[in-house]
Amino acid sequence: MTIPEDILQKHQRAGKIAAEVREEVKRTLREGIPIIDVCEQVELMIRRKGGKPAFPCNVSVNEVAAHYTSPPGDKRRIPEKSLVKVDIGVHVDGYIADTAVTVGFNSEYENLVRTAEEALEKAVEIFRHGLSMSRFGSMIQKTIKIRGVKPVSNLTGHKIGRYLIHAGKSLPNVSHFSTARIIEGEIYGVEPFTTLPKAAGKVKNGSEAHIFRLLKHKSLKNPYAKQLLNYIRENFRTLPFTERWLHGCVPHDQHKDAFSELLSSKSLVSYPVFIEASGNPVAQAEHTILAVKDGCIVLT
Ligand code: MN
Ligand code: MN
């Protein structure tokens, strides 16, 4: 079973936009730039190219492995000598492309970045219909360990569905017992993460969360909370979003209470930042890949 031509074309359009934006970020990212400018530029470029952000642009620095996006009014800048992961999601009519690049401003991080990229190249080389998740994980782990660095064991790739970033199946980056296999026609975000050999090699939740997703439509007391929830459902459906995207949706002085009610009523789920458990820097590389009979097609 492969995917219908019109759906493939939408994934390919999303993939081309995501790849172009990623390459632009790779060329232009500098130390000292406000992180909110990076997020907003990425999201604007996606829209100008005819796509929509599939999730808020993630700019995760050093030991923050993933899930940081700027809150409104963010004052943080890209630190000097840092290791920066920019993770970009694009959708066209709900058909998603997910890609990431790591930029290191310190030559000490070269091996981490290069190894994440090599592990991704290896993934592309072996990816095909019928490949077991456990074989995939052990080959990625081997590729990373041979270069003297460590994979992050509890971050995985993921099957992608329409309006769904994580559509059930996970793709491990380490040896892992599983009977699941990659099936022809499935699309995955494939994303090895690397860290230093002395690191714990796993992530834990941090205290901040700026990325959210609609969970359930609950009955709400505050009319502005209702208004916000309707806006979220209509504009983002089951895709992640951030507070920057809700600007002007309800009167400014009502936003805080309305948003708090969405969280306390569990209408939304939040995604805390992921931090390397021992505080060591993390690199990532990611492509969106379609599995076919005897190989794969890289969409990003
Ligand atoms: Mn990603
Ligand atoms: Mn992903």
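Every number here is computed from the coordinates shown, using simple stated rules; none is lab data. Since the structure is predicted, the reported quantities are computational estimates derived from the model, not experimental observations. Backbone-built Cβ (ideal geometry, glycine too); neighbour counts: all protein chains shown.
3J(HN,Hα) couplings calculated from phi for region 16-24 with the Karplus curve 6.51 cos²θ - 1.76 cosθ + 1.60 (θ = phi - 60°) are, in sequence order, 5, 4, 4, 5, 5, 5, 4, 5, 5 Hz; Gly and Pro show x. All other residues with a Cβ under 13 Å from the Cβ of PHE236 taken together, and with Lys, Arg as +1 and Asp, Glu as -1, what is their net charge? Neighbour charge sum, excluding PHE236 itself: +2.
Cα centroid separation, region 23-46 to region 63-93: 9 Å. Report the paramagnetic label zone for LEU29: residues of region 53-74 whose backbone N is under 19 Å from a point 7 Å from Cα along the Cα-to-Cβ axis. Residues 53-71, 74 fall inside that zone. With N counted as the residues of the chain, its alpha-carbon radius of gyration over 2.2 N^0.38 Å works out to 0.98. Taking Cβ atoms as reference points and 14 Å as the exclusive limit, the residues near PHE127 contribute a net charge of 0, counting Lys and Arg as +1 and Asp and Glu as -1. Neighbours of LYS266 by Cβ distance under 10 Å: Lys/Arg scored +1, Asp/Glu scored -1, total +2. Amide H to amide H distances under 5 Å link ILE160 with ALA167, ILE187, TYR188, GLY189, where only residues 5 or more positions off or on other chains count and H is placed in the peptide plane.
Highest average first, the peptides 261-267, 204-210 ordered by how many other beta carbon atoms sit within 10 Å of their residues are 261-267, 204-210.
Rounded to the nearest angstrom and listed largest first, the equivalent-ellipsoid semi-axes of region 116-205 from its Cα gyration tensor are 22, 15, 11. Kindly identify region 210-272 as rounded, prolate or oblate by the Cα gyration tensor criterion: order the square roots of the eigenvalues as a ≥ b ≥ c, call it rounded if a/c is under 1.5, otherwise compare a/b with b/c, prolate if a/b is larger, else oblate. Rounded.
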